[in-house]
Amino acid sequence: MNVISKQISFPTKSEGDILDITKKVSEAVAETKLQNGIVTVFVTGATGALTTIEYEPGLLMDFPNMLERIAPKNFSYEHEKRWHDGNGHSHVRASLIGPSITVPFIKGKLTLGTWQQIVFVELDARNRVRNLVLQVIGEG
Ligand code: ZN
């Protein structure tokens, strides 16, 4: 068994960005030459999140609309009272979605559904440079 760590870095443009990182992750897995295993993708930071979605225009609106219903921007967050940095909603949204995702791969290919993409969600109230850690565990 092998454990191979990689990093992916990219800038985000603004709050609400939903970036399809499927290609980056599958390329990183391919580079390891491992055939069967799992890849965990983890965001270092408490205001970003990772999940999967069908990357189509309807859901790219439905998903942020859902976040606004569950954790509205216009709400009195204790984090905001304490830090005044305008991102209380960002933090609770990020905690809800989660900071990582694990995807199995078989014969070097991610086992995603045809319409299932891995996405990074920028939840902070401003643009950021994001660093993702990929931990690939598998056998060749
Ligand atoms: Zn904050």
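The values are calculated or read from the model by the stated rules, or taken from the named source; none is laboratory data. Keep in mind the model is a prediction, meaning the values are calculated, not measured. No Cβ is skipped: glycine too gets one built from the backbone with ideal geometry, and neighbour counts run over all protein chains shown. Accessible surface areas use protein heavy atoms only, side chains included; no ligands, DNA or RNA. Shrake-Rupley method; radii C 1.70, N 1.55, O 1.52, S 1.80 Å.
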Members of the stretch 52-91 found to be open to solvent by less than 80 Å² (accessible area, probe 1.4 Å), within 15 Å of the ligand (Cβ to nearest atom) and not aromatic (Phe, Trp, Tyr), listed by number: Ala71, Ser76, His79, Glu80, Asp85, Gly86, Asn87, Gly88, His89, Ser90, His91
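In the list Ser26, Ser14, which residue meets the criterion of being among the hydroxyl-bearing types (Ser, Thr, Tyr), assigned to a helix (DSSP H, G or I) and either away from the ligand (no atom under 16 Å from the Cβ) or open to solvent by less than 30 Å² (accessible area, probe 1.4 Å) (or both)? If you could, list the steps in order and put the result at the bottom.
On the way: Ser14 fails: assigned to a helix (DSSP H, G or I).
From the options Ser26, Ser14, the qualifying one is Ser26.
Going by what's in this entry, would Ala94 be described as at pLDDT 95 or above, surrounded by 14 or more Cβ atoms within 10 Å (Cβ to Cβ), of a type outside the set (Phe, Trp, Tyr) and within 14 Å of the chain's Cα centre (by Cα)?
Working: at pLDDT 95 or above: yes; surrounded by 14 or more Cβ atoms within 10 Å (Cβ to Cβ): yes; of a type outside the set (Phe, Trp, Tyr): yes; within 14 Å of the chain's Cα centre (by Cα): yes.
Yes; evaluated as a whole, the condition is true for this residue.
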Failed condition for Ala49, given (1) in a strand (DSSP E or B); (2) away from the ligand (no atom under 16 Å from the Cβ): (2)
Output for the stretch 65-102, where each listed residue is in a loop (DSSP other than H, G, I, E, B) and of a type outside the set (Gly, Ala, Ser): Pro72, Lys73, Asn74, Phe75, Tyr77, His84, Asp85, Asn87, Pro99
Neighbours by Cβ (under 8 Å, 6+ apart or cross-chain): first from the stretch 87-103, farther than 16 Å from Arg126 by Cα; second near the ligand (Cβ under 10 Å from one of its atoms): Ser95/Ala46; Pro99/Ala46
